[in-house]
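Peer 1: Have a look at the structure that comes next, please.
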Amino acid sequence: MTKSPQTYLDRPPVYPAQITSSADLRCNLTDTLQTLLQKTNHTLITPPKPIPNCETFLNSLKTHVNIYQASMSRQFAADLPADIEQTALKDEPKDWFIKTADFGDDFDRVLQHRDGEFTQLLEDIARYHQIFQQGYDKIILLRPSTYTGYDIQLTAAMQCLGYTKEQFQFIVIQPIKLHAFHKPTQELHPIPEIASEELIKAIGMDALRWHSFRVPLTGVAPINLSTAGQPTPKDSFYRVKSTHARCCLLLHQAHQQGIIQLNTADNWQIAPTPMSLAECVWEDANAATLANQVQATPKVLQQSADEIAPHLLCQHLEAVSEICDRWFKSLTLTPLDCALLLATKQTIFDSLENILGIKAPETTQAE
């Protein structure tokens, strides 16, 4: 049996009072990644406590082959006499270095300055070393778009301690870019950033989450304020919601016509119990395509989690919605069709509500 990966998601907390830009707001929405990982074969463990003591940790490293004490790094001393540390610099105060230059860094980095002050690098490698010691296999580090780049230093330092750079994944979350439709020119135009509260009020939190996840986290998330959160087919989120609502409505119609018995109080069960989609034979090409698409959902979820890419799930839901809408045009309600309607409805509902954190009302009226 394959061991479930033990993953640590390092997501710096963003409190409401600290959200001053769309970049901060988008970072705050990444709480859904924890759900995405937990819904697949990743195991998220509670962050380790207490925070490791830097002095104790450094003392344990002082005999390590990749740790040394000197007045200057090896790179700066390279052009000086070989015995410079034992002669001219003998009585000079010294720093503690780690040999990050051996693993792709520009030069060795300081862990403790000569005045006794510990560096951020030491604090980080002490914490991540402790995390790996507690059974984690991988650390995913989410960072805001203002992040200046620290991954080479950190992963090189961890490689000095015997870890691999593949055990770390840095994801720099890019901001939201707002646009609006300008009627006189009939074109989309960029608009200045607005306060987070105003943005949420304008399009709603559900639409904001959807459009934030719809593109890769490492790319700018465009939001059209003229359509986002509005009941218009031009909006991808509205199309997906409408497909879900239509599935609900058609299942209720089938129940009213006596084609199936529908129980919405118990996780939307229908009778007679439908066959699994894999066993069904479809005469309609769109139905066959839709069934394959719905059955591919677990694979898409796994890929989304492995790549930390919720946009893959959003794209999957859009594809399900598009195929479903084509199928609706030729749909005649039968027990077999109801099985596919129910599977499609549950796929959209579970993905939105239970993973992306977006409401998907189970209505009996068309939107």
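The values are calculated or read from the model by the stated rules, or taken from the named source; none is laboratory data. Note that the structure is predicted; figures quoted are calculated from it, not measured. Cβ coordinates were reconstructed from backbone atoms using ideal geometry, including for glycine residues, and neighbour counts include every protein chain displayed. These area figures cover heavy atoms from the full protein model, side chains too; ligands, DNA and RNA do not enter into them. Shrake-Rupley method; radii C 1.70, N 1.55, O 1.52, S 1.80 Å.
Peer 1: Give the residue that is nearest to Val110 (Cα to Cα), with candidates limited to residues of the range 146-169 that are open to solvent by 30 Å² or more (accessible area, probe 1.4 Å) and assigned to a helix (DSSP H, G or I).
Peer 2: Gln153
Peer 1: Here is a list of conditions, (1) under 30 Å from Leu141 (Cα atoms); (2) in contact with a His (Cβ under 7 Å, 6 or more places away or on another chain); (3) open to solvent by 20 Å² or more (accessible area, probe 1.4 Å); (4) not small (Gly, Ala, Ser), and Ile223 meets all of them except one; can you say which number that is?
Peer 2: For Ile223, the failing item is (3).
Peer 1: Residues in the range 324-338: is at least one open to solvent by 30 Å² or more (accessible area, probe 1.4 Å), under 26 Å from the mean Cα position of the chain (by Cα) and in contact (Cβ under 8 Å) with a residue 24 or more places away in the chain?
Peer 2: No, that holds for no residue.
Peer 1: Filter the range 14-40 down to residues that are part of a loop (DSSP other than H, G, I, E, B) and more than 15 Å from the chain's Cα centre (by Cα) and give me whichever is modelled with the lowest pLDDT.
Peer 2: Only one residue tops the list, namely Tyr15.
Peer 1: Taking the residues in the range 120-139 that are more than 15 Å from Phe57 (Cα to Cα) and not aromatic (Phe, Trp, Tyr) as candidates, determine which candidate is surrounded by the most Cβ atoms within 10 Å (Cβ to Cβ).
Peer 2: Among those residues, the one meeting the criterion is Ile139.
Peer 1: Okay, moving on. What are the residues in the range 230-245 that are in contact (Cβ under 8 Å) with a residue 12 or more places away in the chain and among the basic types (Lys, Arg), if any?
Peer 2: Hits for the range 230-245 are Arg239, Lys241.
Peer 1: Output the number of the condition that Ile308 fails; it satisfies all remaining conditions of (1) among the β-branched types (Val, Ile, Thr); (2) modelled with pLDDT of 95 or more; (3) in contact with a strand residue (DSSP E or B) (Cβ under 6 Å, 6 or more places away or on another chain).
Peer 2: (2) is the only condition that Ile308 fails.
Peer 1: Within the range 235-281, count every residue that is of a type in the set (D, E, K, R) and exposed (fewer than 15 other Cβ atoms within 10 Å of the Cβ).
Peer 2: 2
Peer 1: Continuing with the same structure: So which residues in the range 246-265 are without any contact (Cβ under 8 Å) to a residue 12 or more places away in the chain and either in contact with an Asp or Glu (Cβ under 8 Å, 6 or more places away or on another chain) or not in a helix (DSSP H, G or I) (or both)?
Peer 2: Selection gives Gly258, Gln261, Leu262, Asn263, Ala265.
Peer 1: Can you list the strands (runs of 3 or more DSSP E) found entirely within the range 91-145 that contain at least 3 residues being under 14 Å from Tyr163 (Cβ atoms) and not acidic (Asp, Glu)?
Peer 2: 138-143
Peer 1: Can you confirm whether Ala296 is modelled with pLDDT under 95 and aliphatic (A, V, I, L, M)?
Peer 2: Answer is no for this residue.
Peer 1: Can you tell me which residue among Ala228, Ala287, Ala319 is outside any loop (DSSP other than H, G, I, E, B) and either open to solvent by less than 20 Å² (accessible area, probe 1.4 Å) or more than 30 Å from Lys138 (Cβ to Cβ) (or both)?
Peer 2: Every option except Ala287 fails the conditions.
Peer 1: Let me ask another. Out of the range 170-199, which residues are open to solvent by less than 60 Å² (accessible area, probe 1.4 Å) and under 19 Å from Pro310 (Cβ atoms)?
Peer 2: Listed by number, the residues that qualify are Phe170, Ile171, Val172, Ile173, Gln174, Pro175, Ile176.
Peer 1: Any residue at all in the range 208-220 that's free of Cβ contacts under 8 Å to residues at least 40 places away in the same chain and under 27 Å from Phe349 (Cβ atoms)?
Peer 2: yes
Peer 1: If you don't mind, there's one more thing I want to ask. Evaluate the following for Ala360: is it in contact with an Asp or Glu (Cβ under 8 Å, 6 or more places away or on another chain), part of a loop (DSSP other than H, G, I, E, B) and open to solvent by less than 20 Å² (accessible area, probe 1.4 Å)?
Peer 2: The answer is yes for Ala360.
Peer 1: Now a separate question. Every residue in the range 176-204 that is modelled with pLDDT of 85 or more and among the basic types (Lys, Arg), please.
Peer 2: Across the range 176-204, the qualifying residues are Lys177, Lys201.
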